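K.L.:
First the structure, which I've put down as structure tokens, then a few questions once you've had a look.
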Amino acid sequence: MNIVVLAGGLSPERNVSLVSGSLIAKSLCSSGHKVVLLDVYTGTVIPEEGIAALFADSVEGITTVEAEPDLEAVKRANGGREELIGNNVIEICKYADAVFLALHGAMGENGQLQATLDTFGVKCYSGSGYTGSSLAMNKEISKKLFRFAGVPTADWICVTCDDTAAREKILDSVGLPCVIKPLSCGSSVGVSIVDTEAELDKALELAHVYESKILAEKKIVGREFSVGYLGGTVLPPIEIIPKAGFYDYKNKYLPGMTEEICPADLTEDQVKRVSELCALAFETLDLGGYARIDFIMSEEDGDFYCLEANTLPGMTPSSLLPQEAAAVGISYGELCEKIVALARAKGNK
């Protein structure tokens, strides 16, 4: 097949996306597909020979994540262009047999790209559609839906940075300790664990760098887990144990910073409970194809509290979904093939 792997973009998770995209593209080439790795923001030039010439048996790309990207520098390098989709991206996607979305955050996960692809008749793309993507990306909406459906989630409040009473509202509503995060970012970008009022002020400033609307939620103390969902099957839970601090951007993407145990050391009943909650969260948000749902198992009551749903989980060397798939005998290459097959099945309905 001719497959487009879309990566990059103007999200704070741009660099993570480029790594995911590189590895996915190389894996699909190894499986015999012709692939083009395409930055959705920069786009590309179609050669004189036509679009078919862009698809190749091998690709090059970056394979390490060093830091968050300088998005303003990326824009300057592209003439300051504000449009989120680059030249010829849609035309190339329309030509392909499947589109593998290796994007993380912003347009890639909030439903904008999915809606655009649908509008142009591109149906065979990986992951959820625009509705599920939008619901999952907005942490406040997803938490409201979780609570309605019976998926436990921590108490929360949303505030805006221009609200002079934001600090007091957070202290009165969820108290300390709490977690401050931008409403719609991923990869723990802009997230802070707050134990004191002084830390709260700094956390609000940091979150405001990324977004004007901020979610503050009660900190659930306990063990952290992630559970993958792949084509109707719940994968084994993986436990996440950062060696220092919490599971932030650095601990997620720099090798050796976090211990990850898969399958997690849980009882049969605990695995059953968190697996059921994973499937329920997936269904509640109207997700499709595959996803990863994150949980904290509370020290206080032993139950699992949903943190968020990831509609396009990372596919870097240290990413969680590939580890969970490997635990049931699905190699990285097979995982990529399964995701493409799910995209094709969705698009051909």
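K.L.:
With just the Cα atoms defining each centre, how far is the stretch 157-185 from the stretch 57-117? Give it in Å.
P.N.:
31 Å
K.L.:
Let me ask another. Local charge sum around GLU197 (other residues, Cβ-Cβ under 11 Å, Lys/Arg +1, Asp/Glu -1)?
P.N.:
Around GLU197, the charge tally is -2.
K.L.:
Restricting to the chain, compute how many DSSP beta bridges are antiparallel as a %, nearest 5. Mind showing how you got there, number by number?
P.N.:
Values: 38 of 50 bridges.
Looking only at bridges with both residues in the chain, the antiparallel portion is about 75 percent.
K.L.:
If you take the Cα Rg of the stretch 59-139 and divide it by 2.2 N^0.38 Å, with N the number of residues, what do you get?
P.N.:
Ratio of Rg to 2.2 N^0.38 Å for the stretch 59-139: 1.20.
K.L.:
Among the GluC sites (Glu not before Pro) in the stretch 28-133, which ones are in a DSSP loop with at most 11 other Cβ atoms within 10 Å of the Cβ? Mind listing them?
P.N.:
Passing sites in the stretch 28-133 are GLU48, GLU49, GLU60, GLU66, GLU82, GLU83.
K.L.:
Next up: Grab the DSSP H runs of the chain that are 4 residues or longer, score each as -39,500 (n - 2.57), total them, divide by all residues and round the 222 nm result to the nearest 500 deg cm²/dmol. If you can, show how the numbers build up before the last one.
P.N.:
Values: 13 runs with 130 residues, N = 349.
Calculated from helices alone, the mean residue ellipticity at 222 nm is -11000 deg cm²/dmol.
K.L.:
Taking just the alpha-carbon atoms of the chain, what radius of gyration and Dmax come out, in angstrom?
P.N.:
Just the Cα atoms of the chain yield Rg and Dmax of 19.8, 64 Å.
K.L.:
How far apart, in nanometres, would the label points at ASP195 and ALA279 be if each is projected 7 angstrom from Cα along the Cα-to-Cβ direction?
P.N.:
Output for this residue pair reads 4.0 nm.
K.L.:
Report the net charge of residues surrounding VAL5, where surrounding means a beta-carbon distance below 11 angstrom and charges are Lys +1, Arg +1, Asp -1, Glu -1.
P.N.:
Working: positive: LYS26; negative: ASP39.
Here the charged neighbours net out to 0.
K.L.:
Determine the sum of side-chain charges near ASP155: Lys and Arg each +1, Asp and Glu each -1, restricted to other residues whose C-beta is under 11 angstrom from that of ASP155.
P.N.:
On the way: positive: LYS143, ARG147, LYS218, LYS219; negative: GLU217.
Surrounding charge for ASP155 is +3.
K.L.:
Could you work out the longest stretch of the chain that avoids the chymotrypsin sites (Phe, Trp or Tyr not before Pro) located in DSSP loops with at most 15 other Cβ atoms within 10 Å? Display every interim value, and only then the final one.
P.N.:
Values: sites that count: PHE120, PHE246.
Within the chain, the longest run free of exposed chymotrypsin sites (Phe, Trp or Tyr not before Pro) spans 121-245.
K.L.:
Let me ask you something else. Hey, rough spin-label estimate for GLU299 and ALA73, points 7 angstrom out along Cα→Cβ, what's it come to in nanometres?
P.N.:
4.0 nm
K.L.:
Quick one: which residues, 5 or more positions from THR153 or on another chain, have an amide H under 5 Å from its amide H? H modelled 1.01 Å from N in the peptide plane, none for Pro or chain starts.
P.N.:
Sorted by chain and number, the residues that satisfy this are CYS306.
K.L.:
Right, here's the next one. Within 10 Å of each candidate Cβ there may be at most 11 other Cβ atoms; applying that plus a DSSP loop requirement, which GluC sites (Glu not before Pro) in the stretch 266-303 survive?
P.N.:
Qualifying residues, ordered by number: GLU299, GLU300.
K.L.:
Let me ask you something else. What do you get for the angle between helix 139-149 and the principal long axis of the chain? Use alpha-carbon atoms, 0 to 90 degrees, nearest ten.
P.N.:
Helix 139-149 sits roughly 70 degrees off the main axis of the chain.
K.L.:
Across the stretch 48-55, in residue order, what do the Karplus-derived ³J(HN,Hα) couplings come to in whole Hz, using 6.51 cos²θ - 1.76 cosθ + 1.60 with θ = phi - 60° and x for Gly and Pro?
P.N.:
Whole-Hz 3J(HN,Hα) from phi for the stretch 48-55: 4, 6, x, 4, 4, 5, 6, 7.
K.L.:
Also, I was wondering about something else. Suppose each label sits 7 Å from its Cα in the direction of the beta carbon; what would the ALA56-ASP265 distance come out to in nanometres?
P.N.:
Result: 4.7 nm between the two label points.
K.L.:
Moving to a separate point now. Once you have the alpha carbon radius of gyration of the stretch 1-113, what is it after dividing by 2.2 N^0.38 Å, with N set to its residue count?
P.N.:
1.01
K.L.:
Which one of SER30, LEU200, LEU215 has its Cα pushed farthest toward the positive end of the charge dipole of the chain, where Lys and Arg give +1 and Asp and Glu give -1 at the Cβ?
P.N.:
Farthest towards the positive end: SER30.
None of the figures in this text is laboratory data; all of them are computed from the coordinates on show. These numbers come from a predicted model, not from an experiment. Neighbour counts run over all protein chains shown; Cβ positions are idealised from the backbone, glycine included.
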